[in-house]
Amino acid sequence: MAVGSQPVKRSYRYRFYPDSEQSAQLAATFGCVRYVYNRALAEWSRAWREERRRVTLAETGRMLTGWKRDPETLWLAEPQKGPLQATLRHLQAAFVNFWAQRPGFPSFKRKGRTVDAATYFRNCFTYRDGRAGLAKQGRPLDIVWSRPLPDGAVPSQVTVSRNSRGQYHLSILVEETVTSLPSVDARVGVDAGITALVALSTEEKVTNPKREQRDRVRLARAQRNLAHKVKGSRNRAKARARVARIHGRIADRRRDFLHTLSTRLIRENQTVALEDLPVRNLLRNHTLARAISDASWSELRRMVEYKAGWYGWTVIEVDRFYPSSKTCSSCGAIHDRDVNAAKNILAAGLAVSACGEGVRPPRW
C-alpha cells in the first residue's frame, strides 16, 4: 500500500519545431538573455573586486531598465521582458550557491559554447487545451507531446532551449502530487566503478555501457575533419555540427540508461547508501578522466537523490575516506572487491542514519 502523497515540482521536457519566424524571435531572445547575463555578471564582479560588496537582485533590475533606455542597447526592449528578468534571478542563485561554497564562480556565457536558453514565467506564456505558446509569437509552438502532462497540471514556468545540434526543447515546470511508492523492507549500498558502473550490496554488478567508448572512432574521425576546416567557413560550421550530433547521441543514450538505473534503485529500495566520491579531483587523473566522465557518477547520484525526494525515501552519504573496498564486510580481512565495498557502504550508511554522524576510517 502507498504510504502517502506529497506535492512536488517536476519538469517535463518536450521537443518542438519552431517555424522560421519563431526561430528568428527565439534567436534574438537568446542573444539578449546572454548579453544581460554577461553584463550583469561583469557588474557583480566589479562591485565585489573594487568595493567588496554584493549586488542585489533589485539593483540588477534597475540596471536592466537603464540598459533598455540606452540608445546603444535599445534592442533589449524588443524581446519579452520575462526571460531577461529570469536570467538575473538565475545569476543571483548562482552567486548564492557560490557564497555557500557549492559550485565555482559563475562564468560568462559564450555564443556557440553554452546551451541557449530562456525562461518564461506564468504571465509570459499560454497553455490551454494541450497547446503552448510564448509571448510575442504569432502561433502556438509545434510540440511533440511524447508524454502527457499530469491531469489538471498548471504550468508555473517554461524554459525554451536550443542545443549545439540545433534542436529545440521546451521544459514545462508543474506542481503535481506524487503518490509514495509501496513501502519495501529493502536497502542497498552502491559502489561506483568503471568496469562495472555500480556494484550493489546484493552482490549484483551493473555493467558499464561505456557510451563514449562505443562511438569513439566515429567521434575521432569527425573531430579530425573539423580540425582541417578553415575557421569561419561554412564547412567548419557543418563539421562542428557533425561533432555535436555525435556528442549529443552519446549524451542521450547515457542519460536514458542512468534514468532507468536510478529509477530501479529507488523503486526496489527504501534506503540507498552512496559513497561521496570527489569526482572533480578524480578527473585530474588524465589516465582515467575520460572513463570517469563517461560513467557520469555525479549524474547518477543526482538522479537517485531527487527521485528519492519525490517518494520520501532515504539516501545516505558515506564519507569518501571510508575504506569500503579494503575491509571485508564479514571478517574484517583486507581485500579489494566491488561487491564487498557496496556492502560496507550500506553498513556505514546505516550507521550514519542511526548515529547522525559522518563515517570516517578508524584512526590507529
Any chance ARG13 is in the same structural domain as GLY130 (by TED's automatic domain parsing), within 25 Å of the chain's Cα centre (by Cα), surrounded by 14 or more Cβ atoms within 10 Å (Cβ to Cβ) and of a type in the set (D, E, K, R): no
Given the criteria free of Cβ contacts under 8 Å to residues at least 40 places away in the same chain and aliphatic (A, V, I, L, M), does VAL279 qualify? yes
Only unsatisfied item for ILE172, checking (1) under 22 Å from VAL8 (Cα atoms); (2) under 20 Å from the mean Cα position of the chain (by Cα); (3) surrounded by fewer than 19 Cβ atoms within 10 Å (Cβ to Cβ), is (3)
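Test LYS68 against the criterion of being assigned to a loop (DSSP other than H, G, I, E, B) and either at pLDDT below 90 or surrounded by 12 or more Cβ atoms within 10 Å (Cβ to Cβ) (or both), and give yes or no. Before you say what the answer is, go through the steps one by one.
Working: assigned to a loop (DSSP other than H, G, I, E, B): no; either at pLDDT below 90 or surrounded by 12 or more Cβ atoms within 10 Å (Cβ to Cβ) (or both): yes.
In short, no.
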If you check VAL217 against the conditions, is it outside the structural domain of VAL272 (by TED's automatic domain parsing), of a type in the set (Val, Ile, Thr) and not in a loop (DSSP other than H, G, I, E, B)? yes
From (1) part of a helix (DSSP H, G or I); (2) without any contact (Cβ under 8 Å) to a residue 60 or more places away in the chain; (3) surrounded by fewer than 16 Cβ atoms within 10 Å (Cβ to Cβ), pick out the condition that doesn't hold for THR287. (1)
Filter region 104-156 for residues that are polar (S, T, N, Q) and within 26 Å of ARG46 (Cβ to Cβ) and give the result. SER107, THR114, THR119
Among (1) within 27 Å of the chain's Cα centre (by Cα); (2) farther than 28 Å from ALA192 by Cα, where does ALA251 come up short? (2)
Are any residues in region 248-265 crowded, with 18+ Cβ neighbours inside 10 Å and without any contact (Cβ under 8 Å) to a residue 60 or more places away in the chain, and if so, which ones? ILE250, ARG254, LEU258, SER262
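What is the residue count in region 147-197 for residues that are of a type in the set (S, T, N, Q) and over 30 Å from GLY112 (Cβ atoms)?
First pass over region 147-197, keeping only residues of a type in the set (S, T, N, Q): 156-157, 159, 161, 163-164, 167, 171, 177, 179-180, 183, 195.
The next check asks that each one be over 30 Å from GLY112 (Cβ atoms); those that pass are 156, 177, 179-180, 183, 195.
Here the count works out to 6.
Regarding ALA244, is this residue at pLDDT below 95 and in the same structural domain as MET303 (by TED's automatic domain parsing)?
On the way: at pLDDT below 95: yes; in the same structural domain as MET303 (by TED's automatic domain parsing): no.
So ALA244 fails the test.
Restricting attention to region 71-124, and to residues there that are among the polar types (S, T, N, Q) and closer than 18 Å to ALA28 by Cα, which single residue is surrounded by the fewest Cβ atoms within 10 Å (Cβ to Cβ)? Before the answer, list the steps.
Our first condition is that a residue be among the polar types (S, T, N, Q); within region 71-124, this holds for 73, 80, 85, 87, 92, 97, 101, 107, 114, 119, 123.
Checking which are closer than 18 Å to ALA28 by Cα leaves us with 73, 80, 85, 87, 114, 119.
Details: THR73: 16, GLN80: 20, GLN85: 17, THR87: 25, THR114: 13, THR119: 22.
By that ranking, first place goes to THR114.
Inspect region 266-273 for any residue being surrounded by fewer than 19 Cβ atoms within 10 Å (Cβ to Cβ) and either without any contact (Cβ under 8 Å) to a residue 24 or more places away in the chain or touching a His at 6+ places or on another chain (Cβ under 7 Å) (or both) and give the result as yes or no.
Residues of region 266-273 surrounded by fewer than 19 Cβ atoms within 10 Å (Cβ to Cβ): 267-268.
When the remaining residues are screened for being either without any contact (Cβ under 8 Å) to a residue 24 or more places away in the chain or touching a His at 6+ places or on another chain (Cβ under 7 Å) (or both), the result is none.
No, region 266-273 contains no residue that is surrounded by fewer than 19 Cβ atoms within 10 Å (Cβ to Cβ) and either without any contact (Cβ under 8 Å) to a residue 24 or more places away in the chain or touching a His at 6+ places or on another chain (Cβ under 7 Å) (or both).
The values are calculated or read from the model by the stated rules, or taken from the named source; none is laboratory data. Note that the structure is a prediction, hence the values are computed from the model and not measured. Here the Cβ is made from the backbone with ideal geometry for all residues, glycine too, and neighbour counts use every protein chain on show.
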